[in-house]
Each structure stands twice: as structure tokens, then as C-alpha cells.
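Written below as C-alpha cells is the structure these notes are about.
The values are calculated or read from the model by the stated rules, or taken from the named source; none is laboratory data. Bear in mind the structure is a predicted one, so any value in this text is a computation, not a measurement. Cβ coordinates were reconstructed from backbone atoms using ideal geometry, including for glycine residues, and neighbour counts include every protein chain displayed. Side chains included, ligands, DNA and RNA excluded: accessible areas come from the protein's heavy atoms. Shrake-Rupley method; radii C 1.70, N 1.55, O 1.52, S 1.80 Å.
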Amino acid sequence: MAVAKTTICLWFDKDAESAARFYAETFPDSAVHAVHRAPADYPSGKAGDVLTVEFTVAGIPCLGLNGGPAFPHSEAFSFQIATDDQEETDRYWTAITGNGGQESACGWCKDRWGISWQITPRVLTDALAAGGEEAKRAFEAMMGMTKIDVAAIEAARRGTVILSDFGRSKQN
């Protein structure tokens, strides 16, 4: 495999290999390419421990570095996965949150290693790109959601349903 000119390096405490294998099993166009072991002891590990893992996530080249607990992940970095329908949205959401991850708001969740993910149906990005009242209704609907509900976004786009401040539906 040719080395990519640009690679995202993700710092893990010690689980880069298990994270990379989970991503490879979960997302299409993902794979683990190489696992490299430390040739000598280092501040967070011993000789022979997994030091780096080369992998791709949805076609994006990544390097997982087991660097220890010094630098935890934050929402300042996330993977955004565009989904085509509710089934695909549910599949990725469940894979991430059901494997020790946690839900957040507006289609965001976090995997068990602390990496943030945006599971974003294309209907939402299309609605926001449309602008005007359609975008406003879709945006307001999204603001009341954890996992994105495709049917609710489609209804908001049409103007047939809006979500109140408490996330309850009411007819327009």
C-alpha cells in the first residue's frame, strides 16, 4: 500500500488497534493495513506493544498512535458520515453507541475511545443547503434530536410538522 501524502493521526491511550478493527468492521471502504510494534520501551509502553496502526475509515487514511493518556479526544475533531436513509443512520448510530459509546445532540455521538462522530443523513444536509424557511424548519427539527430522524426532517422540510422546544411534534 502506498503511503498517503496526508494522513490523519489519532492519538489513543492504548487501544488504537481495537479502534481501527472496529472501524474496519463497521464502515465500508475501511480496513486495517498494518500494525507496528514498539522496537523499545517508551514513556507509555514497552517494547513489543502496539505503537501505531495504519488504517482507513470510509476511505480516509489514518494512523492510530498509542501515545498514552496525555491527550484525550474532544469534539473539536469528528468524523462525519453521510447516510442515505434511516436504516443506514440507525446501523452506524447503533454500532457506535452500542459498543460502549454515548449519544450526544444533533446527530453527534462518541465511540468508546472518545472519537466523535456525526451521523448525518443526506436529507438533512440537502435541507440545510436549500436555505430559507425549509432550512430553518429542518434546522429547528434537528436541534431537538439526538440521532437524526429522517422522517421528521422530511416532514419539517415540507412544513407539515415542527418540533416544539421540548421535542414534541405538533401540526403546522
Set GLU140, GLU133, GLU154, GLU103: member being open to solvent by 50 Å² or more (accessible area, probe 1.4 Å) and under 20 Å from the mean Cα position of the chain (by Cα): GLU103
Matching residues in the stretch 49-78 - criterion: being under 14 Å from ALA24 (Cα atoms), of a type in the set (A, V, I, L, M, F, W, C) and out of contact with any Cys (no Cβ under 6 Å at 6 or more places or on another chain): VAL53, VAL57, ALA58, ILE60, CYS62
State all residues of the stretch 112-127 that are within 15 Å of the chain's Cα centre (by Cα) and open to solvent by less than 10 Å² (accessible area, probe 1.4 Å); if no residue qualifies, say none. ILE115, SER116, TRP117, ILE119, PRO121
Quick check: is even one residue across the stretch 139-157 over 22 Å from ALA31 (Cα atoms), in contact (Cβ under 8 Å) with a residue 12 or more places away in the chain and assigned to a strand (DSSP E or B)? no
Picking from ALA38, ALA47, ALA24, ALA82, which residue would you name as being out of contact with any Lys or Arg (no Cβ under 9 Å at 6 or more places or on another chain) and among the aliphatic types (A, V, I, L, M)? ALA24
Hand me the list of strands (runs of 3 or more DSSP E) wholly inside the stretch 1-89 holding 1 or more residues that are closer than 27 Å to ILE148 by Cα and open to solvent by 40 Å² or more (accessible area, probe 1.4 Å). 8-12, 60-66, 78-83
